[in-house]
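The next block holds one structure in the form of structure tokens; read it before the comments.
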Amino acid sequence: MSDFDFELNANPHQFIHQHTTSSQNTWDKFHSHPGMEFIYVLQGEGSAIIDQNIYPFKPGSLMYFQPFQLHRVKADIPEKTFYIRSKLLLEPSIIDSYLQKFTALYRFFQHLWHSNLNCQVIQVTNSSQFETLFTLYGSRHKQLEITEDFALFFLLFITTVKDQWNVQNQMERETQLRHIHYAEYVMRWIDANYHEEFTLESLVKELHLSRFHISHLFRKATGSSITEYLTYRRLREASFLLRTTSLPLQEICSKIGIGNISYFCQLFKRNIGATPSQYRIKQ
């Protein structure tokens, strides 16, 4: 994932065309980052886990992640095949002023940016529109460093997205196996309870399943353990508090359900790449 600077400090709009991943070099964990991210799938299938929902994807799917939204893209990549997609990441504030003159388009952009969305993966009905747009921009984007040039591309892109983003064309969530429903319930339960001390027994009691069964179903649906998801949910909240408040670390730890500051600092550094203090200074 070194292709993107997810902090968006030096590069507030970034684009990768036909990014290819094989089964040998997958990058696969829960994460969140600043900026709006769009992924258009050209080849491969799998599932996008966004907050507490699981959406299947396939060629022609467009996935969208809001700023700081916890997500994970889990691609199923058999040997000798590839997962190929085009990716667009941008800091929304840089494009906001360019869209204000286009009332309906601006309203849609604000909806994507700020609203609670019912669906964040759609199956486009005219894939050639996206492929043509991405191919054209992909051949020129390294030379287009001026914001106005990117704004022109994004106006065309968001117009194309808006045309597809309606109730009739939203991808119908395919008939899900029962384990996916359980996994979504687990993620919602963690979202409501991550600030408290976690015990698997509490979750088991809610779902009336054995420890082994619930752990197995969750990993089968998401590719991660329940503990890994809990960790990323807590770190997401900690990052938000570090960015937006001056709360001391002890209080932040208390708010995310971790009682040991030293352990929290080690966990944060291992997953975020900086200590909590370093992260706060950078913001």
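The values are calculated or read from the model by the stated rules, or taken from the named source; none is laboratory data. The shown structure was predicted, so the numbers you read here are calculated from the model rather than taken from an experiment. For neighbour counting, all protein chains shown are included, and Cβ atoms are generated from backbone atoms with ideal geometry for every residue, glycine included. Just the protein is used for accessible areas: all its heavy atoms, side chains included, with ligands, DNA and RNA removed. Shrake-Rupley method; radii C 1.70, N 1.55, O 1.52, S 1.80 Å.
Of note:
- Simple Cβ-charge dipole of the chain, Lys/Arg +1 and Asp/Glu -1, about Cα centre, in debye nearest 20: 360
- Modelled label positions at Gln100 and Thr159, each set 7 Å beyond Cα in the direction of Cβ, lie 2.1 nm from each other.
- FRET E, pair Thr147, Gln110, Förster distance 22 Å, beta-carbon r, rounded to 0.05: 0.70
- Taking every C-alpha pair closer than 8 Å and separated by at least 6 residues, the mean separation divided by the residue count of the chain gives a relative contact order of 17 percent.
- Counting only protein heavy atoms and a 1.4 Å probe, the range 205-258 has 50 square angstrom of accessible area per residue.
- Summed side-chain charge close to Ser262 - residues other than Ser262 whose Cβ falls under 13 Å, Lys, Arg +1, Asp, Glu -1: +2
- Whole-percent carbon and sulfur share, accessible surface of the range 14-85, 1.4 Å: 46
- Centre-to-centre separation between the Cα atoms of the range 82-129 and those of the range 28-49: 14 Å.
- With Cα atoms, 0 to 90° folded angle of helix 127-138 axis to the chain main axis: 80
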